[in-house]
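Notes for the one structure printed next.
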Amino acid sequence: FHSLFFFFLMIRRPPRSTLFPYTTLFRSTIINTKDNILGTINGTLASILSKSNKVKEGTLIMAMAQLVDNTTKVSLRIAGRSNKTIDLRKILSSIIDDVGGETGGHRLAAGAIIPTEKEDMFVEKAKVALKKAAMEEVIL
């Protein structure tokens, strides 16, 4: 009986972490690490996830991390290597136009800096923009 019980303990689902809250929308994920990781590795986190075979190709991955100057660094990547239809810089630029901040990057990797106090507004606008981009990508 003990070995069977131990087996079920081994295969149970791990507890959910609140360290990195995230939201999954269609084929997109927003990870807001707040101040739990350094902003300097935010883009690296998004890139590693985008190259993982655990993330479905075409999934949009947005990672956010707060910096010490009351700004938040945002990185946007797309999972996989073959997507030619989505322009990540355009997506981030459209969100920044509504929220404020600075954006840069290119079609396959984009980033932004926003005021930390506007994170909630940014996330809400990002949900809409990422959902729209994911739906357009599926249709194309």
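The values are calculated or read from the model by the stated rules, or taken from the named source; none is laboratory data. The structure displayed is predicted, hence computed values, not measured ones. For neighbour counting, all protein chains shown are included, and Cβ atoms are generated from backbone atoms with ideal geometry for every residue, glycine included. Keep in mind that these areas ignore ligands, DNA and RNA; they rest on the heavy atoms of the full protein, side chains included. Shrake-Rupley method; radii C 1.70, N 1.55, O 1.52, S 1.80 Å.
Worth a mention:
- Arg12 being loosely packed, with under 10 Cβ neighbours inside 10 Å and at pLDDT below 90: yes
Yes or no, residue by residue, for (1) in contact with a Phe, Trp or Tyr (Cβ under 6 Å, 6 or more places away or on another chain); (2) within 18 Å of Ser50 (Cβ to Cβ); (3) not aliphatic (A, V, I, L, M):
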site: Asp87; (1), (2), (3): no, yes, yes
site: Lys118; (1), (2), (3): no, no, yes
site: Glu124; (1), (2), (3): no, no, yes
site: Leu130; (1), (2), (3): no, yes, no
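- Qualifying residue in the range 50-57 (condition: of a type outside the set (Val, Ile, Thr), open to solvent by less than 10 Å² (accessible area, probe 1.4 Å) and in contact with a Phe, Trp or Tyr (Cβ under 9 Å, 6 or more places away or on another chain)): no
- Close pairs (9 angstrom Cβ cut-off, 6 or more residues apart or separate chains): on the phi < 0 side of the Ramachandran plot in the range 40-56, assigned to a helix (DSSP H, G or I) and hydrophobic (A, V, I, L, M, F, W, C) anywhere: Val55/Leu49
- Lone unmet requirement of (1) in a loop (DSSP other than H, G, I, E, B); (2) touching a strand residue (DSSP E or B) at 6+ places or on another chain (Cβ under 7 Å) for Asn53: (2)
- Put simply, of Ile30, Ile86, Ile91 the only residue that is in a helix (DSSP H, G or I), among the β-branched types (Val, Ile, Thr), open to solvent by less than 30 Å² (accessible area, probe 1.4 Å) and at negative phi is Ile91.
- Scanning the range 33-49 for residues that are open to solvent by 10 Å² or more (accessible area, probe 1.4 Å) and hydroxyl-bearing (Ser, Thr, Tyr) gives Thr40, Thr44, Ser47.
- Residues in the range 71-83 that are in contact with a strand residue (DSSP E or B) (Cβ under 7 Å, 6 or more places away or on another chain) and open to solvent by 20 Å² or more (accessible area, probe 1.4 Å): 3 in all.
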